[in-house]
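The values are calculated or read from the model by the stated rules, or taken from the named source; none is laboratory data. Because the structure is predicted, anything quoted here is derived from the model rather than measured. Glycine gets a Cβ as well: all are built from the backbone with ideal geometry, and neighbour counts include every protein chain shown. Protein only, heavy atoms only, side chains kept; ligands, DNA and RNA dropped before computing areas. Shrake-Rupley method; radii C 1.70, N 1.55, O 1.52, S 1.80 Å.
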Amino acid sequence: MSLIERNTPSTRRRRDTFPNIRAAGKLIPVGDRAKACLQEITPRSLTPPVVRKFISSARPAVGAVRVFHGKANDPDIASAVVHGVSTKTSITAGLLINPTPKTRFQDRLRHLQEINNATNQKAPLGKTRVQGPGLPSWLDPEKTAFGFTTLRCSNAGEVINPPKTAHEVEKEANEGHQLYIRSHGSYFVGERLDRKYNWSHYERDSRFGVPTPHRNDGRNISRSLYWPCDTQKHNSAKLVAKCCDNFRERTQPQIGKVHDPIVETLQVPSDHTFGVLMKPDSCGAGDLVHQTPAGQYLRGTDRQRALVNAVRQHLKKTNFQNFNSLLEAFRYYDKKSQGKIDKEDLKDVCQHFNMIISEPVLNDLIDYCDVDKDGLINFMEFSNFLNWKDKMPINRVEQSILTGECMAWTAPANMQRADLQESTTVKVLVTPENLEPVQVGSTRKIPKTLSRPRKVQEDRFITSSSVINAVVGGFPTTNYHIYGVPSVRTDLPAPRIKRISDRTNYGDEATAYDLLYPPLHSLYGVHEEQFLGPRTKDEIAEIFQKVGLEFAEDTFEEAWKLASMRHPTGDVCVESFRNVLRELQAN
């Protein structure tokens, strides 16, 4: 009811006629005004001490120290406690920087003390030190020795190998054994533990405990195999209807089984797989990583490659067992004496070694060994892929035959006639650059390791994701920009003197031995191989002239002759020539 209606005459008549009638609505009690809310209540209520310690621990005031509520009422003792030992003040920094001046008497006294200390410290070896004026006058300091004379009981040989019998040594060892048992519990192997039993009423081999009852007729085993549920009424197995069991198995999940409630309606076999069977890619992850060309994918060729590797390993083992050198094995394979091994030669050798291989495997073996792709296997390919070249090094005679340097008039005296005849007609199988020494300074060499040419990179691979357009509008990976720098910076020249802060690998890193014991010449770019490699007379003379060493011509000839005599084949290196010159200068 509004204010206008309340003051009308009709409203006043109703009030006079019906004085007990009230206005409709709820009576809202008169509460606090805004003035009362803004006034502060004094005095303010205090926080209880129990609550205060929790508030100080959780939300301390600004600048207050946080104290755990469990230690809030504890007395503060830690702030007044001082730990450690109080030290006395030593000499101040001011006295060290600006010491007090000394008198001439103090300087003279200090000088005499220094003379006395120097005399004691610089005494001759094997003589007693002069102790100064503190000794009696009747005592000779050079002939008098102090202390007690030590008696030598035995030498080191008697301690290591004492002149005692085995029985005496065992007896001495057993004397302290009981003490070790008591202190360390150290028993011999197989020794019985001493548990401090009273053996006066028992024997050492007595057995303790209660014997376990057993029957030889097996009645206890039959009792364990006989289930009590068959004879007891409440423990017997419950019989369930087959239809109820099948319904529960179909509608409720079972352990180890797939929950399929509509298996009967679909009428499909149990091994049926739903979905679309996608055709596998023709290339695998290895082909994508190594960018294998389209016609050389490795997927599906695992068995073929395993057969090729098995044939290679068998040929390596057979060549090592049947031939003494790589040249002899290669001549056996080269039936036509053409300097290379063709497909027919390799097939005949495999049949001779009882290996009947199929035509595809033989073609794959030829393709694996043929690095230059000419259809034939030369000596370098034969030694790298069909032999253990590290176990069959090449001597000087075979090197001359392989390189075509060995002629009839330069053949050594111990060379056989058959080798001599073949050396005049054999073709050049290898160049000297393709041979490397087995070790540094050795005359025996092995063929270098062949490196396969890099495969042609494909511009784009067709995979299952590219067929279904997994990346719509994306750029191929060949257009991706490559970031970063290579780990080994072969594109940069190595500095002559490398700084410690320079962590760049220029491809000339040394071995672990050189890192632990770096030679001085390595700082200037000269390594150990250059000292031990064979060199000619002109190279030796030029090297020593450039380092500033001048000597007469007859001295050089004598040093060259002595250095060549120290090597079995007459090779001279910088290190051997330098050692001979050092010996000549010493004499």
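Miscellaneous remarks
- Per-residue SASA entry for Asp491, accessible area with 1.4 Å probe, Å² rounded to 10: 100 Å²
- Distance violations [Cα-Cα > 26 Å] among Lys317/Lys445; Lys373/Lys427; Lys316/Lys373; Lys389/Lys537: Lys389/Lys537
- Exposure of Ile262 as accessible area (Å², to 10), given a probe of 1.4 Å and all protein chains: 90 Å²
- Rounded percent of accessible protein surface that carbon and sulfur make up, the stretch 276-408, 1.4 Å probe: 53 percent
- With protein chains left intact and a 1.4 Å probe, residues in the stretch 307-364 average 52 Å² of accessible area per residue.
- Using a probe radius of 1.4 angstrom, the carbon and sulfur fraction of the accessible surface of the stretch 494-587 is 53%.
- Surrounding net charge for Val263, when Lys and Arg each add one and Asp and Glu each subtract one, Cβ distance under 14 Å: -2
- Over all other residues within a Cβ to Cβ distance under 14 Å of Asp374, the charged ones net out to -2, with Lys and Arg as +1 and Asp and Glu as -1.
- Heavy-atom accessible area ranking, 1.4 Å probe, most first, across Asp538, Asp502: Asp538, Asp502
- Taking amide H as placed 1.01 Å from N in the peptide plane, the amide H of Val572 sits under 5 Å from that of Arg535, each at least 5 places away or on another chain.
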